[in-house]
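Written out below as C-alpha cells is the structure these notes cover.
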Amino acid sequence: MVLVSREDVLRVLRRVVDPELRVDVVSLGMIKDLRVEDGRVSFTFELTTPACPLREDLVRAVREAVESIPGVNGVDVRVSARVRQWAPPGKAPIPGVRNVFAIASGKGGVGKTTVAVNLAMALARMGAGVGILDADIYGPTVPRMVRVVRRPETRQDNKIVPAETELGVKVMSFGFMVPEDAPVIWRGPLVGKAVTEMLGSVVWGELDYLVVDLPPGTGDAALSLAQTIPLTGVVIVTTPQDAALKIAVKALNMFRSLKVEVLGVVENMSYFVCPNCGERVDIFGHGGARAACERLGVDFLGEVPLIPEIRKYGDLGRPIVMAEPDSHASRAFMEIASRIAGKISVLTMRKGEG
Ligand SMILES: Nc1ncnc2c1ncn2[C@@H]1O[C@H](COP(=O)(O)OP(=O)(O)O)[C@@H](O)[C@H]1O
Ligand SMILES: [Mg+2]
C-alpha cells in the first residue's frame, strides 16, 4: 500500500495553473483545509469569484490531478469562493464593498441601465453579494427597472440602509428621493459631490460587487464620478450602429485618460430574434463592435439581442435574468457577468489585495 502525504497532494496541485491568472492554484491560496487520511484526500477549493467562468474546468482539473496520485482512493472537493477587495491607489475603498465596477455609455438610450441591472442580477444568481448604485442622476431609472421589497431607510445616526430586492441585491438611487420626472439641473461637479456624499452614508453590508449605473456620455457628470468612485473598472455599453460605436470609442478614450481600467465592451440590441421563426436578423450589420474592440485593444465581452421581453420585464421591474433565467438573453447576460467577474479577479490578483 502506497502512503500519500500532504506534500504529494500539494506537488500535483502546483501543476494546476489557473489559465487566466497564469499562476498555480496552490500559490494562489485556493487550497484550504487540506486533509489526507488513509489515501482519502479532502480540501476546500476557494475560487476568486462565485461567478468564475472556468469553475467547472478548474474543479475538474484539481480533482483529476489528485486522483492521479498512486494510493489515493477518494477525493472530496468542496468549492467555495472569496472575492478579494480592491480599490485604486489613492482611493479609499467603500466600507464592506470588495469591488466597484461601472456601466457607462457614449450616449443615452443604448440600454446602459438594462445591462447594469441584468448583470447585477446575474452575479447575484451565481451567489455573489451584489449592490446597484444608480448614479445616473439625470435619469435614475433603476428603481423602475428593479422592484424592491424594501425601500431605503434613514437610520437614527443618519446612515442610509439601501433598498433591497427579493434576491437580496442592495439598491441605492436618487430616484427613491426625487420623482423620476423632476428636472435635475445640477452640474457635473455637484453630481460628483452628491454621489460621494450618498456613498459616504450608505451602509451596504458585505458586497462582492457594487455595480454603478453612470450618467451617459462623456460630460462632466460621468467624468466627475469616474474620478471620485473607487472603480476597479468600467464596462462600456454600445449598440451596433456606426454612430453609437464612434461615441463609445470616445467614452473609452475618456476612461483611459482618467486611468480607469476598461473591462470591456458589451454590444446591446445586437441582433433581433424573430419571435415567430427564431431566425436571427442583424438589423445594423454584425461584428462592428467586436472589430472595433480588436482595433482598440479592449475586450469584447459579448452581445445582447434586441427582444421585446427585455423591455417588457424591465418595465415590470423584473430584469429578464430573474424572470426568465433560462432564456437565450439571460444566458448572454450570465456569460457577460462571468467574464467581467473573471477579469476583475485577474486584475485584483495582479494588482494585489487592496
Ligand atoms: N436588448 C434590448 N432589447 C429590447 N429592449 C431593450 C434592450 N435593451 C434596452 N431596451 C429598452 O430600451 C430602452 C432604453 O434602455 P435603458 O436601459 O433605459 O437605456 P439607457 O440606460 O442607456 O438610457 C428601455 O425601454 C429598455 O427596456
Ligand atoms: Mg439609464
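Here is how the numbers come out for the structure above:
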quantity	calculated
Environment charge of residue 81, counting only residues whose C-beta is closer than 12 Å and scoring Lys/Arg +1, Asp/Glu -1	+4
Derived scalar couplings ³J(HN,Hα) [the range 245-259; Karplus, 6.51 cos²θ - 1.76 cosθ + 1.60; whole Hz; x for Gly, Pro]	4, 4, 5, 5, 5, 4, 4, 3, 5, 4, 5, 4, 5, 8, 6
Set 112/170; 107/159; 250/343; 159/312; 312/343 screened for pairs whose C-alpha atoms are more than 28 Å apart	107/159; 159/312; 312/343
For the chain, fraction of C-alpha pairs farther apart than 25 Å, in %	55 percent
Relative contact order, percent, the range 268-330 [alpha-carbon distance under 8 Å, six or more residues apart]	31 percent
Spatial separation of Cα centroids for the range 227-302 and the range 149-170, in angstrom	32 Å
Residue-wise HN-Hα coupling along the range 213-222, computed from phi with Karplus coefficients 6.51, -1.76, 1.60 (Hz; x: Gly, Pro)	8, 7, x, x, x, 10, x, 6, 5, 4
Net charge, residue 256 excluded, C-beta distance under 15 Å - Lys, Arg +1, Asp, Glu -1	+1
Other-chain or far-sequence residues with amide H under 5 Å of residue 163's (modelled H)	171
Helix-only [θ]222 nm of the chain, DSSP H runs n ≥ 4, -39500 (n - 2.57) each, per residue, nearest 500	-10500 deg cm²/dmol
Net charge, residue 296 excluded, C-beta distance under 13 Å - Lys, Arg +1, Asp, Glu -1	+3
3J(HN,Hα) from dihedral phi, the range 70-78, Karplus parametrisation 6.51/-1.76/1.60, rounded to Hz, x for glycine, proline	x, x, 7, 10, x, 10, 10, 9, 9
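Read-outs throughout are calculated quantities, based only on the coordinates presented, and are distinct from any laboratory measurement. Being a predicted model, the structure only gives us computed values, none of them experimental. Cβ: placed from backbone, ideal geometry, glycine included. Neighbour counts: every protein chain shown.
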